[in-house]
């Protein structure tokens, strides 16, 4: 419970700050993303020994940070899609945590012992809540989030976020560590916090460039 309180408090500080910097854009956003890059690399080189692991995670991180910057700076539509994607991932993570702790159904993998079937369903359910929130928040920008495709995208992005989390957990399990860092109370390190985000942001940019969204 104490760890959950730390997790919530840290999120209450980081989330508004991240939104403010993203809205400011330009050099503010570039510096913010570069800071994430260097801090994440410090964590990667401190924990992982295999060069192939560091190279793979670093490549995913770089593409993800570029995708984030592009969506944030392209136009108001792409920025709102970025905010929706991040909101979706946050809600997916919260839903997985709440349902996993409350119902404690069957564990789904040895890679991450805390992952349960109830947590998976909770992530899917909470990810759908991002749709009415986004539609209400961004309605002035004429994005109709109540289109059927956004419901499927919400479930798909949630699945990708959970798979991304398991991917990072797999590498952490090989190194026999719980967290990659300790800079964020309740969350671990930078990479522990963005493990699900980095994969989804990349796919979000690909879908945007292919005109699959909005």
Mind listing whichever residues of region 62-110 are within 19 Å of residue 163 (Cβ to Cβ), touching a residue at least 24 places away in the same chain (Cβ under 8 Å), assigned to a helix (DSSP H, G or I) and over 17 Å from the mean Cα position of the chain (by Cα)?
-> 99
Residue satisfying condition, being modelled with pLDDT under 85 and either assigned to a loop (DSSP other than H, G, I, E, B) or within 16 Å of the chain's Cα centre (by Cα) (or both), within set 165, 179 | 179
Quick count over region 111-139, residues being assigned to a loop (DSSP other than H, G, I, E, B), touching a residue at least 24 places away in the same chain (Cβ under 8 Å) and over 22 Å from residue 20 (Cα atoms), is 4
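Please work out if residue 98 is surrounded by fewer than 20 Cβ atoms within 10 Å (Cβ to Cβ), out of contact with any strand residue (DSSP E or B) (no Cβ under 6 Å at 6 or more places or on another chain) and at negative phi. Let's see the steps before the verdict.
Details: surrounded by fewer than 20 Cβ atoms within 10 Å (Cβ to Cβ): yes; out of contact with any strand residue (DSSP E or B) (no Cβ under 6 Å at 6 or more places or on another chain): yes; at negative phi: yes.
Judged against the criteria, residue 98 is a match.
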Does residue 155 meet the test of being at pLDDT 90 or above, within 30 Å of residue 32 (Cβ to Cβ), under 15 Å from the mean Cα position of the chain (by Cα) and surrounded by fewer than 21 Cβ atoms within 10 Å (Cβ to Cβ)?
-> yes
Conditions (1) at pLDDT 85 or above; (2) outside any helix (DSSP H, G or I); (3) in contact with a helix residue (DSSP H, G or I) (Cβ under 8 Å, 6 or more places away or on another chain): number failed by residue 211 = (3)
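The values are calculated or read from the model by the stated rules, or taken from the named source; none is laboratory data. Remember, it's a predicted structure, so these values are computed and weren't measured experimentally. Glycine also receives a Cβ, built like all others from the backbone with ideal geometry; neighbour counts cover every protein chain displayed.
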